[in-house]
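Novice: Dumping the structure here so I can ask a few things about it.
The values are calculated or read from the model by the stated rules, or taken from the named source; none is laboratory data. A quick note: this is a predicted structure, and the numbers were derived from the prediction, not measured. Don't worry about glycine lacking a Cβ; one is built from the backbone with ideal geometry, like all the others, and counts go over all protein chains shown. Only protein heavy atoms, including side chains, enter the accessible area calculation; ligands, DNA and RNA are left aside. Shrake-Rupley method; radii C 1.70, N 1.55, O 1.52, S 1.80 Å.
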Amino acid sequence: LIDNLIEAASIEAGRFKVNPKPTPLREIIFKAIGSVDPIVQKQGLKLVFIDPQKEISVLADQRRTSQALVNLLSNAIKHSPEGSTITVCHQVKDNTVQVEVFDEGQGIPKDQRSKLFNRFMTPISESDVDQLGMGLGLSVVKAIIEAQNGSVGYRDGEMAGAVFWFSLPLWEGDDA
């Protein structure tokens, strides 16, 4: 929450900067998973990383991108029923890599999807009232990812739940 407040203030003041460098994608993912793992355990959830075991590097600011992924994972944790699984995976698409976070919650109501990445937007349903946040997390994710020439999005899960994703440029060089 504090990181999101600081980032939101930085974005608002026009001082928001990223420092993209060639970075192994696994480092970003493992750092984010390590940050949320204690909460996952406490909430009685399971977190799975589907790793194709192929070394992929992205052009990214490691700290900020990990923060963006932590925000997506935190939302998934907040909206997942006890005993469910949150899945992180990635896939290469053209010259980008898309990182996806799947949860088994209720998903996002259709009438709220167009505002998901706006500041101070918190999807509200009767079952989410005790899970309300500041509405900064997804807007910070969007700012971080778009500042690195990436994109963000949402889609419904195949069976249920939500899938939030972001894409970043692949790094094809050899100094990651």
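Novice: Quick one: count up the residues across segment 141-160 that are among the hydrophobic types (A, V, I, L, M, F, W, C) and either without any contact (Cβ under 8 Å) to a residue 40 or more places away in the chain or open to solvent by 20 Å² or more (accessible area, probe 1.4 Å) (or both).
Specialist: 5
Novice: Leu69: under 17 Å from Val163 (Cα atoms), touching a residue at least 12 places away in the same chain (Cβ under 8 Å) and in contact with a Leu (Cβ under 8 Å, 6 or more places away or on another chain), yes or no?
Specialist: Answer is no for this residue.
Novice: May I pose another question? Farther than 18 Å from Trp171 by Cα and of a type outside the set (A, V, I, L, M): which single residue out of Lys54, Lys42 fits that description?
Specialist: Unique residue meeting the criteria: Lys42.
Novice: Restricting to segment 113-158, name every residue that is in a loop (DSSP other than H, G, I, E, B) and modelled with pLDDT of 75 or more.
Specialist: Scanning segment 113-158 gives Ala147, Gln148, Asn149, Gly150, Gly157, Glu158.
Novice: Return the residues of segment 65-88 that are closer than 19 Å to Asp156 by Cα, open to solvent by 40 Å² or more (accessible area, probe 1.4 Å) and not in a helix (DSSP H, G or I); say none if nothing qualifies.
Specialist: Once the filter is applied, which keeps residues that are closer than 19 Å to Asp156 by Cα, open to solvent by 40 Å² or more (accessible area, probe 1.4 Å) and not in a helix (DSSP H, G or I), segment 65-88 yields His79, Pro81.
Novice: Give the number of residues within segment 38-64 that are closer than 20 Å to Ala162 by Cβ and either among the β-branched types (Val, Ile, Thr) or part of a helix (DSSP H, G or I) (or both).
Specialist: The qualifying residues number 4.
Novice: Within segment 89-112, track down each residue that is modelled with pLDDT of 90 or more, assigned to a loop (DSSP other than H, G, I, E, B) and in contact with a helix residue (DSSP H, G or I) (Cβ under 8 Å, 6 or more places away or on another chain).
Specialist: Asp103, Gly105 - these are the residues of segment 89-112 that are modelled with pLDDT of 90 or more, assigned to a loop (DSSP other than H, G, I, E, B) and in contact with a helix residue (DSSP H, G or I) (Cβ under 8 Å, 6 or more places away or on another chain).
Novice: Taking the condition of being assigned to a loop (DSSP other than H, G, I, E, B), surrounded by fewer than 19 Cβ atoms within 10 Å (Cβ to Cβ) and at pLDDT 55 or above, how many residues in segment 1-34 meet it?
Specialist: 6
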